[in-house]
Every structure is written in structure tokens, then in C-alpha cells.
Amino acid sequence: MNGADYTVDLTSSPPEQIREATNKRREMRRNIKTTPQAKSPQEQNDWTVEPDIISSGTQRWIIRDAPKYQNYSASQTATRTFDWTVEPDIISSGTQRWIIPFSQSASVCRDNDEFNKASAQYVKMLGSSAPLPCRVDYYESETTSSNFQSKKDEFAKAGIPTKEIWVFHGTFSDENIKRIMSEGFKVGGSQVKIKNGSAYGRGVYTATGPRSSQGYGKKTNKVILARGLVGTEGVHSKTPQDDWYLFMDGHQLLPVYVLHM
């Protein structure tokens, strides 16, 4: 064990030394003081792995073989310090859109960060040979954010799991995309007309991979990437086939990105 950083070799250190190092790390994590900050739903991504304490004031998260559907990201604290280099469009009252074209720029900015997160999820699900999107639109909507957060709070209060996943959704018109990104998803058959059938019941049809969603978005050549609140599987969401996810309530989805192919 090395000084105050409590680093041990898990392959050769005796069990008691590993236990001591683990307890020291936990104690240091409890003693790290953080200032709570109000976060929007886009910024409320929690870690699913525990950090190592590398040294006093330094933590490391090891990310390996993450499930393809998992909603993970780099530290949102870092993201909040990045500045946009593009100005947003006002789509409607309370809804802004940032247009981010593909660029080989290495600048540390919010544009690159959001483009990389969206395109990485797309390519990860299709494979490394998949082409990158030519453009990514990032949206912030007061309506969709508020509805999503209210649903998440409702689940938490009722003891329902608040696990999130990334899901894709394709639709046949640009007008539909704009409406979804501003107002949120609607359940076909109760809030809007059913457009593509409801073989597995009413709800919002999505998929963890973009391929099937692209089939429904052929006319637009775009797909929506959204955060999905799974809830209790079989009750609040279903997986009827392959990589499909059917959400019972549109407020369980927060549309974040539109990827242009």
C-alpha cells in the first residue's frame, strides 16, 4: 500500500491489505465535500461505477464494457463549464435548438461534447463501420424537461426504479420531429392518431438501436435520441421484440438529440 493514496495490487496483495485500502477509500469519499447544484434533467446522469481515490482530491472512474443501452456519460460537472460556440435557435416558447454540424475540430467546447455523445451512442449500437451523423441538433425544452423530471420524481416517491436508458425513435415528418422535441412524445391511440400500428399495445415505440428507428424515419433521414425512464419492466415499459422498448407514458421520455444521417 502506497502512502495516502491507498493503492494496492489486487493480484498480489494479501486480503487484509485490500480490505484496509477499500475502507480507507470509502472514508475519503465520505469526507470529500461537494456543493449541491441544481441540475436540469439533461444533467442528472448518475455514475453506475464507484471511483478510486488516486490521491487527495483526485478520483478516477474506470469505464469498461458498459452495457450498450446504459445511460452513462462523462462528468456533467465538466460539461457545464464548456461554452457553446454556436447560438441557439428559438423553436418555440421555452424550446431552444443548437445546430451542430460534423466537424473535425478538436476544440473543447459544448458543441463537440454534445455531438460526440450523440454520435458515439449511434455508432456504438451499429458498429464501428457505421458512418457518423452529418449533423446533430441538441434541444432543451422547458416542457419536456419538466414533464420528465416530474415523472422521475413520481417514480422515486412510489419506490419505482428510476433507471434510464438511451433509445432511438424515427418518425415520418420534420413537423413531427419539431413537435416531439418541443412538446414531448404522445401515446398513439389516446393522445394522437396511430401512424404505424400498435401490435404490442398502446405506448411510445422506441428502440435501443437506431436501425429499426431509421426505417420509420426514411422520409426525414433523421432519428431522435432520447432518455427513457424504464420504471418497472412489464408495467411501465415493455420489450416486445429484439431491441424494441415500448413506453406506456410519453412523459417517461426526454428527447434530447436529433441525428441527421
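The values are calculated or read from the model by the stated rules, or taken from the named source; none is laboratory data. It should be emphasised that the depicted structure is a prediction, and the values quoted were computed from it without experimental measurement. All Cβ positions, glycine included, derive from the backbone under ideal geometry; neighbour counts span all protein chains shown. Surface areas here come from the heavy atoms of the whole protein model, side chains and all, with no ligands, DNA or RNA. Shrake-Rupley method; radii C 1.70, N 1.55, O 1.52, S 1.80 Å.
Here are some notes:
- Sorted on the mean count of surrounding Cβ atoms within 10 Å across their residues, most packed first, peptides 239-252, 104-117 read 239-252, 104-117.
- Computed over protein heavy atoms with a 1.4 Å probe, the accessible surface of region 93-135 works out to 51 Å² per residue.
- Note, ³J(HN,Hα) from phi for region 159-176, Karplus 6.51, -1.76, 1.60, rounded to Hz, x at Gly and Pro: x, 8, x, 10, 4, 10, 9, 8, 9, 9, 8, x, 9, 8, 9, 5, 5, 5
- Length released on extending from D83 to I62, taking residue separation times 0.36 nm less the Cα-Cα span: 4.9 nm
- Sequence-distant residues sharing a close amide H with G231 (under 5 Å, placed H): K163
- Residue-wise HN-Hα coupling along region 230-238, computed from phi with Karplus coefficients 6.51, -1.76, 1.60 (Hz; x: Gly, Pro): 5, x, 8, 5, x, 10, 8, 8, 9
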